[in-house]
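The values are calculated or read from the model by the stated rules, or taken from the named source; none is laboratory data. What you are looking at is a predicted structure, and each value in this text was computed from that prediction instead of being measured. Here the Cβ is made from the backbone with ideal geometry for all residues, glycine too, and neighbour counts use every protein chain on show. Protein only, heavy atoms only, side chains kept; ligands, DNA and RNA dropped before computing areas. Shrake-Rupley method; radii C 1.70, N 1.55, O 1.52, S 1.80 Å.
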Amino acid sequence: MSRLSHTALCVTLAAALTLTACAPVEQLLEDLADDALEQNGIVILDEVDRDDPFGGTEAEGYAEGFDVPGEIDAVGPYPQARVREAYELTRELMEAVYLDQDAVFDEDNSEFTALLTPQSLDWYLENHGHEDPEIDTRYIPFNLTPGTAEPIGDVVKVDGRMWAEEASDPNGLDYLAVRTEYTIVHPVARPGDPASVRLVTSHLGEVSFYDMGDGTWELWPYWTRSVGPAHCLDQHTWTPAYPDELPRGDRPEGRPEDPYDLDNAREDAADPDGGECGAIKGT
């Protein structure tokens, strides 16, 4: 599976309209939209309450931002202080990727790259824009396509955890792995427009910490993610799919899944043929 798994949302044209399939023909969508206009007088495009962006959703009870575990123990040969340091660095990476608005909305990933260590920074820069998406490091940050979204408020809701384990890489080198599993919710709007959605991201991965023997780490981030509602386009950025838009790019497939359910993301990540462009329920 690639670092990226594409997830899109069934298009909803009005509050009274619920689509259970994600590949309707354009004429049907247009007819349903016309019916909604005739019956209700207006098509609801603003899905997010600007005064209560998470109200009525699972994200309402999520935390604001990322936390490290409350109790930290030594892990194998790594003492408590070193494990705590790895947790703190992982939290800073998550914040730089998902909470820094310059990164999310303007593709300014300098906060993220500043946290990379010498070898991982060289790797990131050398493979930035690589023609093979499996190698292209542009997929590691979380960037929305510039000009397609602006934040609603300054709160991002997060649910999930990080935990540390001993691990070995294919070359037999031991390292400390900080596993990361999160659901991350960004309320966004189309710039200068009433259309809005909650983008739900399922993040699964780890940060690998290699002890260099001199009190420093060499760290390597690796993860996969799915995002919705987003158009299934062949690009390294994510383009939100607003309620008034027809799907662009690949059509979402399969039965709509709950975007807040990390089990779905785990199943997709375990399936080499799964999760490329799946349908999701409303966010």
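Do the conditions hold for R248, that is, is it in contact with a His (Cβ under 7 Å, 6 or more places away or on another chain), open to solvent by 60 Å² or more (accessible area, probe 1.4 Å) and not hydroxyl-bearing (S, T, Y)?
Yes.
Out of all the residues in the stretch 78-97, which are within 16 Å of G160 (Cα to Cα) and of a type outside the set (F, W, Y)? Step through it out loud before you land on a result.
If we filter the stretch 78-97 for residues that are within 16 Å of G160 (Cα to Cα), which is where we start, we get 87-88, 90-95, 97.
Listed by number, the residues that qualify are E88, T90, R91, E92, L93, M94, E95, V97.
Kindly indicate whether any position in the stretch 180-190 is more than 30 Å from G76 (Cβ to Cβ) and among the polar types (S, T, N, Q).
Within the stretch 180-190, none of the residues are more than 30 Å from G76 (Cβ to Cβ) and among the polar types (S, T, N, Q).
Among the residues in the stretch 88-108, are any of a type outside the set (A, V, I, L, M, F, W, C) and over 30 Å from T148 (Cα atoms)? Can you show your working first?
Taking the stretch 88-108 first, the residues of a type outside the set (A, V, I, L, M, F, W, C) are 88, 90-92, 95, 98, 100-102, 106-108.
Pick out the ones that are also over 30 Å from T148 (Cα atoms) and you get 88.
Taking every residue of the stretch 88-108 in turn, at least one turns out to be of a type outside the set (A, V, I, L, M, F, W, C) and over 30 Å from T148 (Cα atoms).
Kindly indicate whether any position in the stretch 186-209 is touching a strand residue (DSSP E or B) at 6+ places or on another chain (Cβ under 8 Å) and free of Cβ contacts under 8 Å to residues at least 40 places away in the same chain.
Step one: of the stretch 186-209, the residues touching a strand residue (DSSP E or B) at 6+ places or on another chain (Cβ under 8 Å) are 186-191, 194-209.
In the following step, the residues that additionally are free of Cβ contacts under 8 Å to residues at least 40 places away in the same chain were identified as 205-206.
For the stretch 186-209, residues touching a strand residue (DSSP E or B) at 6+ places or on another chain (Cβ under 8 Å) and free of Cβ contacts under 8 Å to residues at least 40 places away in the same chain: present.
Applying the selection to the stretch 184-211, what residues are assigned to a loop (DSSP other than H, G, I, E, B) and either under 20 Å from E58 (Cα atoms) or open to solvent by less than 20 Å² (accessible area, probe 1.4 Å) (or both)?
A195
Which residue, of D261, D234, D214, is free of Cβ contacts under 8 Å to residues at least 60 places away in the same chain, open to solvent by 20 Å² or more (accessible area, probe 1.4 Å) and under 14 Å from the mean Cα position of the chain (by Cα)?
Details: D234 fails: under 14 Å from the mean Cα position of the chain (by Cα); D214 fails: under 14 Å from the mean Cα position of the chain (by Cα).
None of the other options fit; the residue is D261.
Tally the residues that are in contact with a Cys (Cβ under 8 Å, 6 or more places away or on another chain) and assigned to a loop (DSSP other than H, G, I, E, B), restricting the search to the stretch 230-241.
0
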